[in-house]
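Here the structure is laid out as structure tokens; the discussion comes afterwards.
The values are calculated or read from the model by the stated rules, or taken from the named source; none is laboratory data. On a predicted model such as this, the values are computed, not experimentally measured, just so you know. As a convention, Cβ positions derive from the backbone with ideal geometry for all residues, glycine included, and neighbour counts pool all protein chains shown.
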Amino acid sequence: MIIAISGGVGGARLCQGLVQILSPAELAIVVNVGDDFEHLGLSICPDLDTVMYTLAGLHNPTLGWGRADETWNFMQVLEQLGGDTWFQLGDRDLAVHIERTRRLAAGEPLSSIAADFCQRLGIRHTIIPVTDQRLRTRVISRDEGELAFQDYFVRRRAQPAIVALRFDGAEQAQLAPPLAQTLAGNPPHPQPQGVLICPSNPWLSVDPVLAVPDFRDWIARQRIPIVAVSPIIGGRAVKGPAAKIMQELGVGHDTMGIVDHYGSAVQGWVIDRADAHLADSIRARGHPVAVTESLMTDPTVAAALAHTAVALLRELA
Ligand code: FO1
């Protein structure tokens, strides 16, 4: 059983590769919830939905988030009514938010709702939010104080300079029950053999997951290997503000900055051919490195990248 940690669009894309080469019994996808927020009275879980839509083949390939074949009648009328339209909610996407909000209000745990939605969308693989409790990424900006994540990321288009991040609620957050069972590996759950950190933004998408104490402790206790796929190619993020954030945090903006961020927590690295010149520096830090095509332009590349990452994990196991 491989535990994949995913957030954002890059993470979802690698998950699309992973599900092509691993069976549901061999993979569990743990998703970031730090981007979740309440908006227009709705509980919105972008990273869960992005992975769910991607694995269901319903995702919008150009935007990376939201659904394909979407219509925007709700947003058009909301605009006419003077409502908040900075966060775009498509008509089909809206049904997910409305039904999830209803079930959460009725007391159903987020992980249970996620499992049911996936089952209804024909997804056989397991997608689990890291916690069912409230955990929210807060962005401490240089000039505008503390911002809620989606305010920073979408409304302000990631323009404010970041000086720090904090994960509100992380210290009190418990592992979502299905995740606790998966990590424990109690029969019938197979033993976890490795952790794969997807090419998500380490600061925004992975750190909130690792901030959950029981997950962090589990990882620290395990002797199982951890492999990460760099989200930076040739010093640039494929999508999103990772490189900009790295510069604002003063950690450089190339793959070495990512390697240093995870330090010894990650044993093996998968990097892009454009960064092959960095392979020796990474190996000098004691990390095996696989160099491959990591720009997932289509599901075939995603499957090949997944294969390379899983092979490295298995080599280290
Ligand atoms: N990102 C945007 O840049 N603009 C949007 O209007 C937007 C709407 C949206 C709706 C549903 C959803 O699941 C995701 C959405 N996202 C939007 C992306 C979202 O902000 C990011 O995917 C994650 O929060 C960061 O990984």
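Descriptive notes on the structure:
- Qualifying residue in the stretch 163-176 (condition: of a type in the set (V, I, T) and surrounded by 21 or more Cβ atoms within 10 Å (Cβ to Cβ)): no
- Residues of the stretch 49-85 that turn out to be within 8 Å of the ligand (Cβ to nearest atom) and within 26 Å of G169 (Cα to Cα), as a count: 3
- For the stretch 29-43, taking the residues that are in contact (Cβ under 8 Å) with a residue 60 or more places away in the chain and among the hydrophobic types (A, V, I, L, M, F, W, C), the one that is surrounded by the most Cβ atoms within 10 Å (Cβ to Cβ) is identified as V31.
- With respect to the conditions (1) of a type in the set (S, T, N, Q); (2) at pLDDT 95 or above; (3) over 27 Å from L22 (Cα atoms), T308 falls short on a single one, namely (3).
- Taking every residue in the stretch 59-85 that is of a type in the set (V, I, T) and pairing it with any residue that is modelled with pLDDT of 95 or more, at least 6 positions away or on another chain, the pairs with Cβ-Cβ distances below 8 Å are T71/G90; T71/D91; T71/R92; T85/M75; T85/L78; T85/E79.
- Residue selected from the stretch 135-159 under the condition surrounded by 15 or more Cβ atoms within 10 Å (Cβ to Cβ) and assigned to a loop (DSSP other than H, G, I, E, B), by the criterion nearest to the ligand (Cβ to nearest atom): A158
- All conditions in (1) touching a residue at least 24 places away in the same chain (Cβ under 8 Å); (2) in contact with an Asp or Glu (Cβ under 6 Å, 6 or more places away or on another chain) hold for P160, with the sole exception of (1).
- Filter result for I197 (crowded, with 19+ Cβ neighbours inside 10 Å, over 25 Å from R13 (Cα atoms) and either touching a residue at least 60 places away in the same chain (Cβ under 8 Å) or within 16 Å of the ligand (Cβ to nearest atom) (or both)): no
- Scanning the stretch 200-223 for residues that are within 12 Å of the ligand (Cβ to nearest atom), among the small types (G, A, S) and either assigned to a helix (DSSP H, G or I) or over 14 Å from G10 (Cα atoms) (or both) yields a single hit, S205.
- Scanning the stretch 112-123 finds no residues that are at pLDDT below 95 and either part of a loop (DSSP other than H, G, I, E, B) or near the ligand (Cβ under 10 Å from one of its atoms) (or both).
- Scanning the stretch 86-138 for residues that are closer than 18 Å to V31 by Cβ and of a type in the set (F, W, Y) returns a single hit, F117.
- For the stretch 1-48, a tally of residues being within 20 Å of I232 (Cβ to Cβ), within 15 Å of the ligand (Cβ to nearest atom), of a type outside the set (V, I, T) and assigned to a strand (DSSP E or B) returns 1.
- Across the stretch 227-241, the number of residues qualifying as without any contact (Cβ under 8 Å) to a residue 60 or more places away in the chain and touching a strand residue (DSSP E or B) at 6+ places or on another chain (Cβ under 6 Å) comes to 1.
- If you go through the stretch 160-181 and keep only what is in a helix (DSSP H, G or I) and not small (G, A, S), you end up with E171, Q172, P177, P178, L179, Q181.
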